[in-house]
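As structure tokens, the structure follows; a few thoughts come after it.
The values are calculated or read from the model by the stated rules, or taken from the named source; none is laboratory data. Quantities reported herein were computed from a predicted structural model and do not represent experimental measurements. So basically every Cβ, Gly included, is an ideal-geometry build from the backbone, and we count neighbours across all protein chains shown.
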Amino acid sequence: MTKQETILQYTKVVLLTAILAFALWSVGSRPPIAHAQMANPGGFSYAKITTNASTIVKSANGQLHSVIVSSPGTTWTMQIFDNASACSGTAIFGATAVTVPAVATSLQFDVQANNGICVLTAGTTPGELTVAYR
């Protein structure tokens, strides 16, 4: 091997080492990947409703996740409002009263309530609802 070939081989080794070092540095210095998460990864709170009433479920802004029907009652109706202090104003569900659906029905909402969550129930015989929220 001539002196010129030896220098060329050393140059290749140095360049390949530099490229490898740069590649390892660039992979290691990347910012961490951000994964989308819900505001509160700890789960949902819930409120059980078993009477004809205006029930303040949440008195501040939050998220209405779902309503699960354990018992539909008799001619029982419900409405859900975006309000922290009364069941009136902006309706999230049921601008007019909606008949509570059958047992084991789960109504999925996943909507933001800007002011609060109030559930208005009325009817002959109350049933049982579970409202999941955060």
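Some notes on this structure:
- From Ala113, Ala95, residue being assigned by TED's automatic domain parsing to the domain that holds Asn52, free of Cβ contacts under 8 Å to residues at least 60 places away in the same chain and under 11 Å from Lys58 (Cβ atoms): Ala113
- Test for Ala132: is it farther than 21 Å from Gly43 by Cα, under 25 Å from the mean Cα position of the chain (by Cα) and surrounded by 13 or more Cβ atoms within 10 Å (Cβ to Cβ): no
- Across region 89-102, the number of residues qualifying as among the hydrophobic types (A, V, I, L, M, F, W, C) and either over 16 Å from Val131 (Cβ atoms) or touching a helix residue (DSSP H, G or I) at 6+ places or on another chain (Cβ under 8 Å) (or both) comes to 3.
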